[in-house]
Amino acid sequence: MSKQSILGRITTLVRANVNSMLDSAEDPEKMIDQLIRDFSSNISDAEAAIAETIGNLRLLEQDYDEDVRTAREWERKAIAASAKADELRSAGNSVDADKFDNLAKVALQRQITEENEARAAEPTIAAQREVTAKLKDGLNGMREKLQQLQTKRSELVARAKTAEAQNRVADAVKSIDVLDPTSDLGRFEDKIRRQEALARGKQEIAASTLDSQFNELENFEAVTEVEARLAALKAGRSPQALEQ
């Protein structure tokens, strides 16, 4: 069961690394490249763990095969000893025949022992084979995910950069919104309008001053005429005479 958790631990680690990188990502391209490196590293760790599991399975299989082979060898020896005992007994040599029968019994006992060991190992081997198959499937899944990530790298980078550019354009457009009085362009336009209003004010003031000067001139002319007529009266002339 401990071997079954190998890929689980590695998958959890990969997911944690991915979530952490996504949360702190600033450069999408660097983030994806680092993600590929981390994923490859975790796959290497998984491969090493699975290789160890497979190695242990192969040792169990070798021991099992050796037990089976040894059991067959002892069976062959028991058959040979029994046959020799029968041959000697047929020849009237019961003493040596009994010796070979005893050897046959010893060989049969050894055969039984090896068969029992092989039989006891079968459930363990079957369980290890199932675990190994699951680990291989999990590893193949990780490799497929890595291949997909490598294949989609360019697409993901392009999409990330496009999204970033769109955000920048949107921010730029927002900053120069001519309808927004708080934008830089709006503030600049307001400044120009104030300057234009100031210029119109100065022009009105200048025009007012010019009008007053002309009014003063007309008043001066009127006073001059009055003075001239007064002088004429004093001289004994009629004011109308001044017009002739």
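One residue is enough: does the range 117-132 have a residue meeting the conditions farther than 30 Å from residue 52 by Cα, of a type in the set (A, V, I, L, M), touching a helix residue (DSSP H, G or I) at 6+ places or on another chain (Cβ under 8 Å) and part of a helix (DSSP H, G or I)? Full working, then the answer.
Within the range 117-132, the subset farther than 30 Å from residue 52 by Cα is none.
For the range 117-132, residues farther than 30 Å from residue 52 by Cα, of a type in the set (A, V, I, L, M), touching a helix residue (DSSP H, G or I) at 6+ places or on another chain (Cβ under 8 Å) and part of a helix (DSSP H, G or I): absent.
Are any residues in the range 126-175 more than 24 Å from residue 31 (Cα to Cα) and of a type in the set (Lys, Arg), and if so, which ones?
129, 134, 136, 174
Criterion first (surrounded by 14 or more Cβ atoms within 10 Å (Cβ to Cβ), assigned to a helix (DSSP H, G or I) and at pLDDT 80 or above) does residue 151 satisfy it?
Taking the combined requirement at face value, the residue does not satisfy it.
Cβ-Cβ distance below 9 Å, separation of 6 or more or different chains: which pairs start in the range 33-46 with a residue that is closer than 16 Å to residue 156 by Cα and end on one that is basic (Lys, Arg)?
Close Cβ pairs satisfying both conditions: 33/153; 36/153.
Among the residues of the range 57-73, are any small (Gly, Ala, Ser) and buried (at least 16 other Cβ atoms within 10 Å of the Cβ)?
Yes.
Going through 69, 110, 143 one at a time, which residue ends up being in the same structural domain as residue 36 (by the TED database), closer than 30 Å to residue 36 by Cα and in a helix (DSSP H, G or I)?
Values: 69 fails: closer than 30 Å to residue 36 by Cα; 110 fails: closer than 30 Å to residue 36 by Cα.
Of the residues listed, the single one that is in the same structural domain as residue 36 (by the TED database), closer than 30 Å to residue 36 by Cα and in a helix (DSSP H, G or I) is 143.
Have a look at 119, 76 and point out the one that is within 60 Å of the chain's Cα centre (by Cα) and surrounded by fewer than 14 Cβ atoms within 10 Å (Cβ to Cβ). Before the answer, list the steps.
Numbers: 76 fails: within 60 Å of the chain's Cα centre (by Cα).
After ruling out the rest, the residue left standing is 119.
Taking the range 127-148 as the region of interest, how many residues are of a type in the set (A, V, I, L, M), free of Cβ contacts under 8 Å to residues at least 40 places away in the same chain and surrounded by 11 or more Cβ atoms within 10 Å (Cβ to Cβ)? Show your work before the answer.
Within the range 127-148, the subset of a type in the set (A, V, I, L, M) is 127, 131, 133, 135, 139, 142, 146.
From what's left, free of Cβ contacts under 8 Å to residues at least 40 places away in the same chain: 127, 133.
Imposing the further condition that a residue be surrounded by 11 or more Cβ atoms within 10 Å (Cβ to Cβ) reduces the set to 127.
Residues flagged as of a type in the set (A, V, I, L, M), free of Cβ contacts under 8 Å to residues at least 40 places away in the same chain and surrounded by 11 or more Cβ atoms within 10 Å (Cβ to Cβ) within the range 127-148 amount to 1.
The values are calculated or read from the model by the stated rules, or taken from the named source; none is laboratory data. In this text the structure is predicted, and so the values were computed from the model without any measurement. Counting neighbours? That spans all protein chains shown, and the Cβs are built from the backbone with ideal geometry, glycine included.
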